[in-house]
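Here the structure is laid out as structure tokens; the discussion comes afterwards.
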Amino acid sequence: MRAPALLARVPKILRASRRYIFFTSILFVTGVVFGYAAFRRHPVDSSWLFFLLDQKFGPMARAMSTMHVTGMAGMVFWNNLKTAGLLVAGGVAFGVLPMIMVFLNGLLVGMVSGDVARQGFGLVPFILIGILPHGMFEIPGYIIGGTLGIRLGFNILGYQRGRQQGRGIRAVILDTLLVLAVVVVPLLMAGSLVEVTVTRHLVEWVMGGALRWH
């Protein structure tokens with residue numbers, strides 16, 4: 001199949017996956033709301049949150065401190081790409097792993113947002129300068145990656161139960177790889193570049209050292 005024909009398939013695949021996209025979006029938003037509400041309702045010492053963030057992002061942040069913009073963007077992109085790959089590959093386990101990952105990622109975003117509000121910094125400004133610039137690319141990329149994994153898992157489950165043919169599974173796998181390459185990868189690439197340029201400078205300029213996890 002030629003490249004134009006492959007590209008023409010992408011909108012059709014996304015339209016056919018709209019229920020999965022909606023489900024994945026609800027999982028992510030539920031995680032955000034739950035994390036924010038739980039952290040706001042039980043305002044405890046957040047040193048454990050700082051520890052969690054340091055474990056997840058600390059080594060990458062320390063390595064990036066000596067890099068130029070291209071190196072930083074490449075490292076963020078590679079980290080995001082590994083996550084997207086795990087979302088898709090995790091779909092082999094009947095879609096359970098990507099569902100858990102999407103919810104937990106939303107939970108972490110909600111917890112950080114809750115702690116930001118706890119420290120007295122406005123939640124809306126934090127979203128506008130700390131999440132939205134790169135999040136408008138990364139979050140859709142992440143959600144579509146999760147959608148691909150969940151869709152793959154559900155189709156494998158259907159195959160196991162005799163409701164799906166092997167040929168149908170192969171078509172789903174090819175569709176998954178196509179959308180991953182044409183949609184998810186470019187979104188993550190753009191988000192990575194924006195994160196280390198626009199978002200980073202906005203956070204440093206507006207927030208400075210105001211936010212600290214004690």
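Here is a list: GLY166, GLY209. Which entry is among the small types (Gly, Ala, Ser) and either at pLDDT 75 or above or within 30 Å of ALA16 (Cβ to Cβ) (or both)?
GLY166
State whether the residues of segment 86-105 include one that is within 30 Å of VAL203 (Cβ to Cβ), surrounded by fewer than 19 Cβ atoms within 10 Å (Cβ to Cβ) and free of Cβ contacts under 8 Å to residues at least 12 places away in the same chain.
yes
Which of the following residues is over 17 Å from PRO11 (Cα atoms), modelled with pLDDT under 90, of a type in the set (A, V, I, L, M) and buried (at least 16 other Cβ atoms within 10 Å of the Cβ): ILE131, ILE156, ILE127, ILE150?
ILE156
The values are calculated or read from the model by the stated rules, or taken from the named source; none is laboratory data. It should be emphasised that the depicted structure is a prediction, and the values quoted were computed from it without experimental measurement. No Cβ is skipped: glycine too gets one built from the backbone with ideal geometry, and neighbour counts run over all protein chains shown.
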